[in-house]
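What follows is a single structure, written as structure tokens, with notes after it.
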Amino acid sequence: MSMGWKWFIEYQTPHSAHMHGIKEVIHSRKTDYQQIDIVDSEEYGRMLLLDGKVQSTVKDEYFYHECLVHPALLSHPEPKDVLIIGGGEGGTLREVLKHPSVRRAVMVDIDEGVVEASRKYMPDLSKGAFDDKRTELVIGDGRKYVEEGKGRFDVAIMDLTDPLEGGPGALLYTRDFYKMVRKMMTGAGIIVTQATSTYYSSYCFATLHNTMADAFGRAGGYHVWVPAYDSMWGFTYSALGRDPKSMTATEIDTELEKRGIKDLRYLDGKMYRTLFVLPKDLLKEIAGCRRIATDADPTFMPI
Ligand code: SAM
């Protein structure tokens, strides 16, 4: 059988993978930090890959970006200063700027190459967010930015590449790192991170949940199905103020209306509530998890 495309295979484990039919490679570049590829796929449209791992696709990126950003921002009464670490494509920044109370959004990404390529080849991801007057783009290591402790933030969002051994994000998923972030948070502050697959790397999700609970004295987790990641994708958070899990569907809809946010494509009050429903086996793994990721002993995804 002849096919008009080539296959790109992303492995979830050494024995399981997602195959994507690729029409064309649009951009390929090796930076000091990672291999960047932007490709046109048959099923998901344009996709950003870093070191051979799918980061965002134009077809389903909003599942991930809306769910990473809005639970934290909606549960904060008036988020003004927001810190984003990572987030190269600009989708997280785009969602943050939808909240009218935000007056400053600092985004710190280590790789200018990702920001440049995404702006040029996937402009719908950032939708002008990098040109917004409230945006402050810092090209640098997020760990170093936090170590320097510049500024105070109501919300801190970690939109980082997965914790892979030798990867640029590995030391931004540790207790040591979270304790430094804690010092930068305001009174009702909230921190959220992407926390890997709740299926393929549930132990990693449970470890991050436990690590945040240790660093902040409390933590929560939720997840959403991201088709291109081929998995339920997890997020863990610590809220010094209101727990996002306690927001009702009506409160979410009312808050969205009050803030004039009318263009979400995935989340409304009802969908929001489903994020926090975790299966029994995962809850058991979280409850039984004693592992804490530290700088000396970080947690990694298997692949
Ligand atoms: N949605 C994605 C996922 O989970 O597949 C993550 C999105 S985003 C593209 C990840 C970004 O994290 C990249 O642009 C990468 O350059 C950035 N990054 C990795 N390590 C970093 C570090 N130490 N400091 C700041 N940014 C970092």
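The values are calculated or read from the model by the stated rules, or taken from the named source; none is laboratory data. Remember, predicted model here, so these are calculated numbers, not experimental data. Reconstructed Cβ throughout: ideal geometry from the backbone, glycine too, with neighbour counts over all protein chains shown. Remember, those area values only see protein heavy atoms, side chains included, never the ligands or the DNA or RNA. Shrake-Rupley method; radii C 1.70, N 1.55, O 1.52, S 1.80 Å.
Do the conditions hold for F276, that is, is it within 17 Å of F63 (Cβ to Cβ) and more than 16 Å from the ligand (Cβ to nearest atom)? It would help to see each step written out before you state the result.
Numbers: within 17 Å of F63 (Cβ to Cβ): yes; more than 16 Å from the ligand (Cβ to nearest atom): yes.
Yes.
Does any residue of the range 63-72 turn out to be over 29 Å from D154 (Cβ atoms) and either in contact with a strand residue (DSSP E or B) (Cβ under 8 Å, 6 or more places away or on another chain) or away from the ligand (no atom under 15 Å from the Cβ) (or both)? Full working, then the answer.
At the first step, the residues of the range 63-72 found to be over 29 Å from D154 (Cβ atoms) are none.
There is no residue in the range 63-72 that is over 29 Å from D154 (Cβ atoms) and either in contact with a strand residue (DSSP E or B) (Cβ under 8 Å, 6 or more places away or on another chain) or away from the ligand (no atom under 15 Å from the Cβ) (or both).
Within the range 245-267, count every residue that is open to solvent by 70 Å² or more (accessible area, probe 1.4 Å) and under 29 Å from A213 (Cβ atoms).
Final tally of qualifying residues: 2.
Could you say which residue among T211, T186, T174 is away from the ligand (no atom under 16 Å from the Cβ) and open to solvent by less than 20 Å² (accessible area, probe 1.4 Å)?
Working: T186 fails: open to solvent by less than 20 Å² (accessible area, probe 1.4 Å); T174 fails: away from the ligand (no atom under 16 Å from the Cβ).
Only one candidate passes the filter, namely T211.
For the range 115-153, give me each residue that is among the small types (G, A, S) and more than 15 Å from the ligand (Cβ to nearest atom).
Restricting attention to the range 115-153, the residues satisfying the condition of being among the small types (G, A, S) are 117-118, 126, 128-129, 140, 142, 149, 151.
Answer for the range 115-153, where residues must be among the small types (G, A, S) and more than 15 Å from the ligand (Cβ to nearest atom): G128, G149, G151.
Which one of the conditions (1) within 19 Å of the chain's Cα centre (by Cα); (2) open to solvent by 40 Å² or more (accessible area, probe 1.4 Å); (3) of a type in the set (A, V, I, L, M, F, W, C) does V25 fail to meet, given that it meets all the rest?
So the condition that V25 fails would be (1).
Considering only the range 268-282, state which residues are buried (at least 17 other Cβ atoms within 10 Å of the Cβ) and of a type in the set (S, T, Y).
Y272
Are there any pairs with C-beta distances below 6 angstrom linking a residue in the range 236-247 that is closer than 14 Å to R182 by Cβ to a residue that is of a type outside the set (A, V, I, L, M, F, W, C) and modelled with pLDDT of 95 or more, with the two at least 6 apart or on different chains, and if so which?
Y237/G220; S238/R218; L240/G189
Looking for whichever is crowded, with 21+ Cβ neighbours inside 10 Å and more than 22 Å from R242 (Cβ to Cβ) here; the options are L48, L74. Which one fits?
Details: L74 fails: more than 22 Å from R242 (Cβ to Cβ).
Exactly one of L48, L74 is crowded, with 21+ Cβ neighbours inside 10 Å and more than 22 Å from R242 (Cβ to Cβ), namely L48.
Which ones in the range 77-104 are of a type in the set (D, E, K, R), surrounded by fewer than 24 Cβ atoms within 10 Å (Cβ to Cβ) and in a loop (DSSP other than H, G, I, E, B)?
Passing the criteria: E78, K80, K98, R103.
Being assigned to a loop (DSSP other than H, G, I, E, B), among the acidic types (D, E) and in contact with a strand residue (DSSP E or B) (Cβ under 9 Å, 6 or more places away or on another chain) is the filter here, so list the residues in the range 18-58 that pass it.
E42, E43, D51, listed by residue number.
Evaluate the range 282-296: report whether one residue or more is over 13 Å from G220 (Cβ atoms), touching a residue at least 24 places away in the same chain (Cβ under 8 Å) and polar (S, T, N, Q).
yes
Can you name every residue in the range 1-17 that is open to solvent by 30 Å² or more (accessible area, probe 1.4 Å) and touching a strand residue (DSSP E or B) at 6+ places or on another chain (Cβ under 8 Å)?
Within the range 1-17, M3, G4, W5, K6, W7, F8, I9, Y11, A17 meet the criteria.
Take the residues of the range 206-232 that are out of contact with any Phe, Trp or Tyr (no Cβ under 9 Å at 6 or more places or on another chain) and outside any loop (DSSP other than H, G, I, E, B): which is nearest to Q12 (Cα to Cα)?
Among residues in the range 206-232 that are out of contact with any Phe, Trp or Tyr (no Cβ under 9 Å at 6 or more places or on another chain) and outside any loop (DSSP other than H, G, I, E, B), the one nearest to Q12 (Cα to Cα) is A206.
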